[in-house]
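Everything on this sheet refers to the single structure shown next.
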Amino acid sequence: MDGLRHEPVLLREFLEAAAPAQGERWIDGTFGFGGHTSALLACGCRVLAMDRDPEAEQRAALLGNVWGDRFRFVRRNFVEMAAAAVEMGWGSVEGVLLDLGISSGQLEDPSRGFSFRWDAPLDMRMDSASPMTAGDLLQDLGEADLVRLFSTTSSPGESRRLARAVLRAREKGRLRTTGELVAAIGAARPSRRRIHPATRAFLALRMAVNDELGSLERALPAALRLLSPGGRLAVISFQSEEDRRVKHFLRGQSCRRLKEPTAPEEALPLAGGFARLVRVLPSEEEILRNPRSRSARLRVGWKEGGRDL
Ligand SMILES: C[S@@+](CC[C@H](N)C(=O)[O-])C[C@H]1O[C@@H](n2cnc3c(N)ncnc32)[C@H](O)[C@@H]1O
């Protein structure tokens with residue numbers, strides 16, 4: 001764990017677009033290395049931080065020593081943010097931030113099995129207590145489920161090729177390590193591609209092991225319900241399927257519907273919906289400094305009510 005770092009992505013843009021202010025209650029559902037949480041605390045907010053990763057909990061303990069009772073950490077899935085807020089005595093919050101995916105520190109820790117750069121056991125769990133590793137999934141799923149898994153990040157044709165490659169490798173023995181998976185996939189796909197053949201397959205597998213799309217879909221309405229009038233929901237995503245779900249949720253819950261209403265009641269603004277939506281991409285300077293930010297998208301929804309927009 002020592003020496004691993006994570007540079008917070010779109011930090012300045014988040015502070016500008018979501019404008020956290022002194023005395024506000026914020027939930028950071030993805031504490032990671034605490035970059036966004038520290039900025040919220042520096043703005044004078046109270047922060048309830050969450051993360052599924054036990055190593056994040058250890059880092060949070062250090063932050064707790066500095067910020068005292070303005071900061072609290074719970075090791076839980078952000079899907080459970082409402083229950084965690086109630087335990088804090090918070091009936092509502094002024095802001096929720098979700099900075100999705102994994103941190104650079106998790107990716108670069110060879111023992112976690114998130115990266116194909118090192119040969120390691122096929123683990124990929126954010127929460128080491130959860131029952132299913134990447135190796136278990138690859139061992140248990142049938143062809144149709146494997147195709148569905150890979151299709152989160154690959155075309156239908158590629159997904160079928162990847163699924164068949166896993167099945168072929170399985171016939172020769174269990175897929176136990178990242179190196180064995182890379183070898184199986186490398187054999188399945190042409191090598192003249194710009195990105196490493198394993199990139200998309202590893203991403204899809206990690207998202208399935210941690211049910212990342214399912215967690216996001218459950219967390220978005222939970223966050224909206226928790227927001228006080230004028231509250232902000234900020235989501236940073238790195239993957240197009242995630243960003244698509246966030247975009248549809250924010251637009252679907254927008255008071256100013258983008259589409260023409262087909263029935264009179266649809267013209268009514270949804271009570272407690274978003275009054276303003278913002279989308280921000282990383283600057284060229286940030287992409288140069290931190291290439292990992294290249295695919296990042298920040299979307300912020302401002303709930304109706306509260307201060308003037
Ligand atoms: C991109 S990192 C966040 C980095 C953080 N904003 C920072 O500046 O250090 C994402 C973090 O969220 C955690 N995470 C992802 N999905 C989660 C979920 N459903 N519930 C709780 N934590 C989650 C991961 O374990 C990881 O530590």
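The values are calculated or read from the model by the stated rules, or taken from the named source; none is laboratory data. Since the model is a prediction, treat every value here as computed from it, not as a measurement. Please note: Cβ atoms are built from the backbone with ideal geometry, for glycine as well, and neighbour counts cover all protein chains shown. The accessibility values were calculated without ligands, DNA or RNA, using every heavy atom of the protein model including side chains. Shrake-Rupley method; radii C 1.70, N 1.55, O 1.52, S 1.80 Å.
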Inset, instruction - Being buried (at least 16 other Cβ atoms within 10 Å of the Cβ), under 20 Å from the mean Cα position of the chain (by Cα) and at positive phi narrows it down to one of 40, 10, so name that one. - result: 10
Legend entry - Selected residue [of a type in the set (A, V, I, L, M, F, W, C) and closer than 30 Å to residue 236 by Cβ] from 138, 175: 138
Legend entry - Which numbered condition residue 122 misses (of (1) outside the structural domain of residue 182 (by TED's automatic domain parsing); (2) open to solvent by 70 Å² or more (accessible area, probe 1.4 Å)): (2)
Inset, instruction - Assess whether residue 128 counts as being closer than 21 Å to residue 106 by Cβ, at pLDDT below 95 and among the polar types (S, T, N, Q). - result: yes
Legend entry - Residue count for segment 198-246, restricted to those that are open to solvent by 40 Å² or more (accessible area, probe 1.4 Å), over 26 Å from residue 136 (Cα atoms) and of a type in the set (Lys, Arg): 3
Inset, instruction - Kindly indicate whether residue 16 is among the acidic types (Asp, Glu), away from the ligand (no atom under 15 Å from the Cβ), out of contact with any helix residue (DSSP H, G or I) (no Cβ under 9 Å at 6 or more places or on another chain) and not in a loop (DSSP other than H, G, I, E, B). - result: yes
Inset, instruction - With the condition kept exactly as written, say whether any residue in segment 148-157 is assigned by TED's automatic domain parsing to the domain that holds residue 205, hydrophobic (A, V, I, L, M, F, W, C) and in contact with a Leu (Cβ under 8 Å, 6 or more places away or on another chain). - result: yes
Legend entry - residue 167 vs. criteria touching a Leu at 6+ places or on another chain (Cβ under 8 Å) and within 26 Å of residue 122 (Cβ to Cβ): yes
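Look at residue 96 and say whether it is open to solvent by less than 20 Å² (accessible area, probe 1.4 Å) and touching a residue at least 12 places away in the same chain (Cβ under 8 Å).
On the way: open to solvent by less than 20 Å² (accessible area, probe 1.4 Å): yes; touching a residue at least 12 places away in the same chain (Cβ under 8 Å): yes.
Taking the combined requirement at face value, the residue satisfies it.
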